[in-house]
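The structure appears right after this line, and notes come after that.
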Amino acid sequence: MRTLFVLFKTELTLALREFSGVLFGMIMPLGIMMLLGILYNNKPAFEGADYTMMQQAFPAVMTIGICATGLMSIPLTIAGYREKKILKRFKVTPTSPAVLIGAQFLSNLVTALISSLIVCASAVLVFDYSFRGSLFPFITSYFLVLASIYSIGILIASLSPNMKTANILCSIAYFPMLFLSGATIPYEIMPAGLQKVSSLMPMSQGIILLKGISLDIPVFSPVKPVIILALTALICTAVSVRIFRWE
Amino acid sequence: MLNVLNLSKSYGSTQAVKELSFDVNKGEIFGLLGPNGAGKSTTLECILGTKKPDSGRTILLGNPADSLHPSIFENIGVQFQDSHYPDLIRVGELYAMTASLYRKATQNRDELLGLFGLEGKIKQPVSKLSGGERQKLAVALALINNPEIVFLDELTAGLDPRARREVWQYLEKLRDKGLTIILTSHFMDEVTRLCDRILIMQNGVASITGSPDEVIKQSGQKTMEDAYLYYTGEKGKYNENIICTV
């Protein structure tokens, strides 16, 4: 536990120092929150809707931190540690390199949580956001989305023989999920064709789930998104465990 | 401390190590020599279990390499060739991180770093250290857990003469306290000064083993460097050929 704590602290310090995680994981979602708030504050989501644009967008913006940490920081750092033979160095110590990867997960988890809390705080304090759904299913779903996205991240780390490949795969996963899933650009304003493509992504399913719960939509059924997210998490983790190489 | 018996390892059609055998005793500095690609690093990796040998066996601190329990590494120090570290990490952070990997009491940080002239560098990013300082740090980190046996792969590559001397003196002190050291090096002055016994490899095969004096004597040469060139086939025929073609 002491080892994990020291490694976690180091990973978090390095992530804050590196700053791109802070920029894309914390400052960007805050900026988007502000933008949405200023543009749409208190406007209904659509004609006759009983919830506001802000209430509709809030759960999506909350997931940007998950996306930035899970599809960028985690795979890039782990692929980098493998390429630099840092994982191999751990193999000749009493501590398994898996502990370093665990610390990397924890550090990103904390970053994602801080990001979501910043989004929450700005929504509530600046724009009088009020949460309509039930909190416990929402938080559970949040962690399901996180598990699903992080499993994609570790799959990318497992598939990439080097940093170059990791960079390409991260960009392929990250940018579509960031811009087309509804995390940044609201899903509702996309053309129907794009919505169809978008709904194929686990991230979109996560946002649909979080929206459904947070808006307490009566006709909403969480079954499909929950199954897709859980399957993604299971399959990606299982494949990663099989193909992951320490060096 | 270490027994290697008929170790063989190949990569595809390249035979990296072939039927290599040697023993290292407690409190000994053992040098593994040979040109680049002779199989030194592969040998070390097979001993440490990071590579799986095709045949033969190695026993490290009484444990066969194929069943090395992680806890045995409490007593082993390792410095790989070309050490890399996480981006932006500082010396003090890297030290704390490395120390945290061991359960048993580790060295006093300032004392150990002080021995390598790095005491003033705690807050410096590792990437901003000079090549020599980084190399000294790598050796210091290999000794962080007070190991019984330490593997140093090209330990003084990139060090200036003074720093090399300092590292030598420190290693000799540790050897006198009972530390076993296995090193690889391309510097024959270093080998002559430090090593109790050496093994010269060529194309994965042992050419000769013995104390530096014995090796020089057997080769019929005057210096360790000449003996090394003699046993690695780089003197005489090959050199003259090169000179002729030029």
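The values are calculated or read from the model by the stated rules, or taken from the named source; none is laboratory data. Fair warning: this is a prediction, and the values are worked out from it, not measured in the lab. So basically every Cβ, Gly included, is an ideal-geometry build from the backbone, and we count neighbours across all protein chains shown.
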Looking only at the stretch B:38-48, decide whether some residue is surrounded by fewer than 17 Cβ atoms within 10 Å (Cβ to Cβ) and of a type in the set (S, T, Y). no
Which is in contact with a strand residue (DSSP E or B) (Cβ under 9 Å, 6 or more places away or on another chain) and touching a residue at least 24 places away in the same chain (Cβ under 8 Å), of B:L60, B:L68? B:L60
Just to check your reading of the model, which residue among A:I139, A:I118, A:I74 is under 28 Å from A:L209 (Cα atoms), out of contact with any helix residue (DSSP H, G or I) (no Cβ under 6 Å at 6 or more places or on another chain) and either touching a residue at least 40 places away in the same chain (Cβ under 8 Å) or surrounded by fewer than 22 Cβ atoms within 10 Å (Cβ to Cβ) (or both)? A:I139
Can you name the helices (runs of 4 or more DSSP H) wholly within the stretch A:66-162 that have at least 3 residues being within 14 Å of chain B (Cβ to nearest Cβ) and of a type outside the set (A, V, I, L, M)? A:74-83, A:86-91, A:97-127
Pair list, Cβ under 7 Å, 6 or more apart: the stretch A:215-242 residue outside any helix (DSSP H, G or I), other residue not aliphatic (A, V, I, L, M): A:D216/A:R132; A:D216/A:G133; A:F220/A:G212; A:P222/A:G212
Among the numbered conditions (1) crowded, with 20+ Cβ neighbours inside 10 Å; (2) at the interface with chain A (Cβ under 10 Å from one of its Cβ atoms); (3) not basic (K, R), tell me where B:H69 comes up short. (1)
Residue match in the stretch B:111-121 (condition: within 14 Å of chain A (Cβ to nearest Cβ) and either on the phi > 0 side of the Ramachandran plot or hydroxyl-bearing (S, T, Y) (or both)): no
Restrict the check to the stretch A:175-193 and report whether at least one residue is farther than 30 Å from A:N42 by Cβ and touching a residue at least 12 places away in the same chain (Cβ under 8 Å). yes
Considering only residues that are surrounded by fewer than 16 Cβ atoms within 10 Å (Cβ to Cβ) and of a type in the set (S, T, Y), look in the stretch A:121-136 and name the one that is nearest to A:S20 (Cα to Cα). A:S130
Residues (of a type in the set (D, E) and out of contact with any helix residue (DSSP H, G or I) (no Cβ under 6 Å at 6 or more places or on another chain)) located in the stretch B:173-230: B:D176, B:D189, B:E190, B:D196, B:D213, B:E214, B:D226
Do we have A:G31 as without any contact (Cβ under 8 Å) to a residue 24 or more places away in the chain, farther than 19 Å from A:I185 by Cα and away from chain B (no Cβ under 14 Å) here? no
Return the only residue of B:T184, B:T192 being out of contact with any Phe, Trp or Tyr (no Cβ under 8 Å at 6 or more places or on another chain) and surrounded by fewer than 22 Cβ atoms within 10 Å (Cβ to Cβ). B:T192
Apart from one, (1) at pLDDT below 95; (2) farther than 26 Å from A:P97 by Cα all hold for A:L229; the odd one out is (1)
Could you check the stretch A:214-245 and list, in sequence order, the residues that are within 30 Å of A:K84 (Cβ to Cβ) and surrounded by 17 or more Cβ atoms within 10 Å (Cβ to Cβ)? A:T232, A:A233, A:C236, A:T237, A:S240, A:F244
Single match in B:V91, B:V78 (criterion: within 21 Å of B:T156 (Cβ to Cβ), buried (at least 17 other Cβ atoms within 10 Å of the Cβ) and more than 7 Å from chain A (Cβ to nearest Cβ)): B:V91
Any residue that is of a type in the set (A, V, I, L, M, F, W, C), part of a helix (DSSP H, G or I) and over 23 Å from A:L14 (Cβ atoms) - is there at least one of those in the stretch B:84-94? no
If we scan the stretch A:42-63, do we find a residue that is within 14 Å of chain B (Cβ to nearest Cβ), in contact with a Phe, Trp or Tyr (Cβ under 9 Å, 6 or more places away or on another chain), modelled with pLDDT of 90 or more and not in a helix (DSSP H, G or I)? no
Looking only at the stretch B:95-107, and only at residues there that are in a loop (DSSP other than H, G, I, E, B) and at pLDDT 90 or above, the one that is nearest to the other protein chains (Cβ to nearest Cβ): B:L101
Has the stretch A:50-61 got any residue that is surrounded by fewer than 20 Cβ atoms within 10 Å (Cβ to Cβ) and without any contact (Cβ under 8 Å) to a residue 12 or more places away in the chain? yes
Residues of the stretch B:159-183 being of a type outside the set (A, V, I, L, M) and modelled with pLDDT of 95 or more, which ones? B:T180
